[in-house]
Each structure stands twice: as C-alpha cells, then as structure tokens.
Amino acid sequence: MSGRGTRLVVKALDAAAALLPQPKERASHLVIGGKGEEEVYFYLRQRGYTIVARNWRSPRRRSEIDLIGWDGDCLCFIEVKTRSSHDVMPAEFAVDQEKRDDLRRVAREYLHRVPGRPASRFDIVSVYYGPEKPSPSITLFKNAFTLA
C-alpha cells in the first residue's frame, strides 16, 4: 500500500476510534510525543526505511525503543523526541548518557532475536510542532551514537 493510502487508513481508524468511549485523558507531553512518533513513522517510510517494530519493550528493561527499522542492510533503533518549542534545549539533547545506556541494553535484547549479526545503529529524530506551522519540523540524526 502506498504511503498516502496507509496514511488515509490510519486517519480513518483514528476517526473510528474517536467514536469509542475514551479512557481518561493522557498527559499533554504523552499526546504530543505519540503524535510526533506517528509523523516520524511516515517520514522514515518516505525515506526508504522499513519499520518492523514500534514502541518495542523488553520484559526485563524499563526503556522502550520508539521505532525499529531497516535502512537498507542496517537495522536502526530510532529514538523520537518531540517538542512544542525550542525554548529549553534541543530535543535531541534529551537523549543523555543514561537514556543511551538504557536504549543500548534494550537494543542488545532485540538483536538476540534477529538471525545473524546485522549492522546496526542508533538514530535520533527531533520533531518540533509550532503554532505558526501546519506541519512539524523533523530532523533525522543518523548514527547518533553506537551500540558499544
């Protein structure tokens, strides 16, 4: 299915879900984070990534990997950071040493499930929503840090 067709199906499903009884409201940062991850999913697909997992968690770790996908022969672990402004610090700076270490541990567990030893990397994607822009600003940082 084309990216446009997939996006239409997702929007139709979202519209149908809005008709169902809603659970209590989510925190605003979780709502904008989910919206950013959705935008990045389509952004990466348009750039040739094949996404194989979303919000992947290991039963033994506290962190999750937002998106996992193939960019050619390289398995990419993608962390998405979404913000509504540039006021505090760049979104990608939120992936500090502690977060990188958590992501590495979760990625190693995922790699144990993948046959062979594929090349892998960590990408960070920053997403900014602004009141003056109808669509978000997205920046991809390929190979932002290593597995080692």
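Considering only region 77-98, how many residues are at pLDDT below 95 and either under 11 Å from the mean Cα position of the chain (by Cα) or under 10 Å from Tyr49 (Cα atoms) (or both)?
Here the count works out to 2.
For Val88, are the conditions met, namely being of a type in the set (Val, Ile, Thr), free of Cβ contacts under 8 Å to residues at least 60 places away in the same chain and exposed (fewer than 15 other Cβ atoms within 10 Å of the Cβ)?
Here the answer is yes, as Val88 does meet what is asked.
Are any of the residues in region 99-118 at pLDDT 90 or above, of a type in the set (Ser, Thr, Tyr) and touching a Pro at 6+ places or on another chain (Cβ under 7 Å)?
no
Output the number of the condition that Asp73 fails; it satisfies all remaining conditions of (1) in contact with a Phe, Trp or Tyr (Cβ under 7 Å, 6 or more places away or on another chain); (2) more than 25 Å from Gly130 (Cα to Cα); (3) of a type in the set (D, E, K, R).
Going through the list (1) in contact with a Phe, Trp or Tyr (Cβ under 7 Å, 6 or more places away or on another chain); (2) more than 25 Å from Gly130 (Cα to Cα); (3) of a type in the set (D, E, K, R), Asp73 breaks only (1).
Within region 32-40, is even one residue part of a loop (DSSP other than H, G, I, E, B) and either loosely packed, with under 10 Cβ neighbours inside 10 Å or in contact with a Leu (Cβ under 8 Å, 6 or more places away or on another chain) (or both)?
Within region 32-40, not a single residue is part of a loop (DSSP other than H, G, I, E, B) and either loosely packed, with under 10 Cβ neighbours inside 10 Å or in contact with a Leu (Cβ under 8 Å, 6 or more places away or on another chain) (or both).
Take the conditions modelled with pLDDT of 75 or more and of a type in the set (D, E, K, R) and apply them to Glu37. Does it pass?
Here the answer is yes, as Glu37 does meet what is asked.
Considering region 40-72 alone, what residues qualify as being at pLDDT 95 or above and among the charged types (D, E, K, R)?
Selection gives Arg45, Arg47, Arg54, Asp66, Asp71.
Scan region 91-120 and report the pairs whose first residue is touching a residue at least 40 places away in the same chain (Cβ under 8 Å) and whose second residue is assigned to a helix (DSSP H, G or I) and surrounded by 15 or more Cβ atoms within 10 Å (Cβ to Cβ), with Cβ atoms within less than 8 Å and a gap of 6+ or a chain change.
Val95/Leu103; Pro118/Leu111; Ser120/Ala107; Ser120/Leu111
State whether the residues of region 56-76 include one that is among the small types (Gly, Ala, Ser), under 14 Å from the mean Cα position of the chain (by Cα), outside any helix (DSSP H, G or I) and surrounded by 15 or more Cβ atoms within 10 Å (Cβ to Cβ).
Yes, that holds for at least one residue.
The values are calculated or read from the model by the stated rules, or taken from the named source; none is laboratory data. Computed from a predicted model, the values in this text were never measured in an experiment. When we count neighbours, we look across all protein chains shown, and the Cβ atoms used for this are built from the backbone with ideal geometry, even at glycine.
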